[in-house]
Every structure is written in structure tokens, then in C-alpha cells.
Amino acid sequence: MIKKHIAAWRHCGRIPLISQVTIKNSNPLKRLAILASGSGSNAEKIMAHFQHSDIAEITLIASNKPDAYVLERAKKFNVPSFTFSKKEMDTGILLDKLKAEKIDYVILAGFLLKVPVELTRAFPDRMVNIHPALLPKYGGKGMYGHFVHEAVKAAGEKETGITIHLVNENYDEGKIIFQAHTTLNELDTPDSIAAKVHELEHKYFPQVIEGLLE
Ligand code: GRF
């Protein structure tokens with residue numbers, strides 16, 4: 001919160017009075033939409049992070065899965081939600097919704113569909129994705145969720161991590177804005193790798209989004 005103390009002198013008879021006024025950040029809150037297809041643990045961390053923010057608010061959770069658990073998490077935070085089919089996304093209905101809601105930034109947090117070009121172009125440098133590995137390794141078509149961690153395990157990697165990047169027309173190829181690493185050992189399984197990666201995601205994703213907004 002930006003606080004400015006303004007000393008205003010008022011003369012009341014001969015005694016000067018000083019009044020202090022606190023001015024909140026006068027910039028309007030940035031409006032964020034989160035697109036998610038699954039559990040939404042990242043979406044929840046982001047909603048919690050911006051719950052009382054004076055920089056941004058999560059104004060929409062959008063999902064292509066009507067039974068995705070992320071929709072329950074949205075209810076918990078009183079964030080409106082919207083569900084859509086792949087066809088509706090591809091024919092512009094999702095974009096219309098984002099425009100109608102005056103969304104400034106789109107956050108992909110476990111969103112499994114390929115975003116159409118019209119949508120990426122509508123949010124240049126304002127659409128961000130998180131990938132559960134150190135791109136450019138283990139990215140691209142078919143590399144999502146457990147497939148990523150299984151591939152990391154099969155390759156005998158000594159480390160993995162997270163990548164937060166801007167979204168452009170080519171899957172997982174937008175500008176990388178943040179990476180964090182975690183070490184692995186031979187006892188790690190795809191499940192334990194997933195847990196380590198989730199821990200990094202929950203810790204850093206909300207902060208990195210906030211940095212992007214500033
Ligand atoms: C995360 O690992 C993220 O990197 C990937 O999908 C997963 C979503 O997890 N894109 P959750 O639904 O936020 O728990």
C-alpha cells in the first residue's frame with residue numbers, strides 16, 4: 001500500500017492544526033483471469049496472494065472442465081467462474097468473456113488446451129504460463145502433468161524445476177521470465193518430483209505474477 005502523509009496546515013485562530021491523510025494506491029486494480037483445467041492448487045495460492053492486494057484482483061476463474069476442482073476453490077474465495085468447451089474457446093467465446101470482464105492479464109495455471117492465436121494476440125506480454133520443468137527441456141506437445149515428471153525421472157536428471165513464461169503462439173516457447181531449481185536424487189519418484197515442483201510453484205508463482213504487474 002502506498003501511504004502518503006500530507007501535512008495540511010490549517011489556522012484556527014492562532015493555533016496551527018496538522019491533519020494527516022492516508023491516501024491508498026489510486027491506480028485501479030489490475031483484473032486477472034486464471035485459466036485452469038484441474039485441481040487448481042496454484043490458482044488457490046494466487047487467489048490467496050491477491051485477496052487483499054491493492055495491485056490486482058482475481059476477477060475470473062475459467063475452466064474447460066465443468067468438474068474441475070479449481071471451480072470449488074473459486075467458490076471458497078468468492079471469485080466468479082466460467083466454463084467453456086474447446087469449441088467455444090476456438091470460436092472466440094472465451095475471448096469475448098475476457099473482454100467483457102475487462103481482463104488485463106491472463107494466468108494459465110494448469111490449463112491443458114492449446115490457446116488459440118487470437119487469444120494470445122489479444123494479451124501481448126499479458127498472458128503467463130507455468131510449466132513444471134526447466135524449459136526448454138521437457139516442454140512441447142504432450143509434455144504436461146505427470147508425463148513431465150516421468151520423463152525427468154527416466155532421464156535420470158539430477159535437478160528439475162519450474163519455468164514461468166509469457167505465452168505466444170508456440171507452445172512453451174514464450175519469453176522465460178523466471179525459473180527455480182530443485183535437486184533430485186535416485187530415490188525420487190515421479191510423485192516425489194511432482195511434490196517438489198509443486199512446492200516451488202506455490203512459493204514463486206504468485207510473487208512472479210505480482211512482479212510482472214509492477
Ligand atoms: C502444475 O504443475 C503446473 O506447472 C502445470 O499444471 C500443474 C497444475 O497444478 N502447468 P494445479 O492444478 O495448480 O495443482
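Only the coordinates and a few stated rules stand behind these numbers; no lab work does. Remember, it's a predicted structure, so these values are computed and weren't measured experimentally. Heads up, the Cβs are rebuilt from the backbone with ideal geometry, glycines too, and the neighbour counts pull from every protein chain shown.
Give me the dipole magnitude in Debye, nearest 20, for the stretch 27-213 about the Cα centre, with unit charges on the beta carbon: positive for Lys and Arg, negative for Asp and Glu.
Dipole about the Cα centre, nearest 20: 360 debye.
Please report the Cα spread of the stretch 27-213 along all three principal axes, rounded to whole Å, starting with the longest.
Answer, in whole Å and largest first: 49, 35, 31 Å.
Starting from the amide H of ILE177, placed 1.01 Å from N in the peptide plane, find each other amide H under 5 Å away whose residue is 5 or more places distant or on another chain.
The answer is ILE164, HIS165, LEU166.
With +1 on the Cβ of every Lys and Arg and -1 on the Cβ of every Asp and Glu, and nothing else charged, how large is the dipole of the stretch 66-126 about its Cα centre, in debye rounded to the nearest 20?
80
Ignoring everything except DSSP H segments at least 4 long, calculate the 222 nm mean residue ellipticity for the chain; use -39,500 (n - 2.57) per segment, divide by total residues, nearest 500.
-9500 deg cm²/dmol
Out of the DSSP beta bridges found with both residues in the stretch 27-213, what percent are antiparallel (nearest 5)?
40
Given the options ASN64, ASN170, ASN42, which has the most mean-square fluctuation in a GNM of the chain, springs set between C-alpha atoms less than 10 angstrom apart?
Greatest mean-square fluctuation among the candidates belongs to ASN170.
Using alpha carbon coordinates only, what is the Rg to Rh ratio of the stretch 123-214, with Rh defined as the Kirkwood radius?
0.98
Normalising by the residue count of the chain, find the relative contact order in percent from Cα pairs under 8 Å and 6+ residues apart.
16
Can you list the lysines whose alpha carbon is less than 23 Å from that of LYS97, not counting same-chain residues fewer than 8 positions off?
Reachable lysines: LYS30, LYS65, LYS75, LYS76, LYS86, LYS87, LYS114.
For LYS141, go through the aspartates and glutamates and keep the ones whose alpha-carbon is under 14 Å away, minus same-chain ones fewer than eight residues off.
GLU169, ASP172, GLU173
Would the stretch 54-114 count as rounded, prolate or oblate if I go by the C-alpha gyration tensor, calling it rounded below 1.5 in a/c and otherwise prolate when a/b exceeds b/c, oblate otherwise?
oblate
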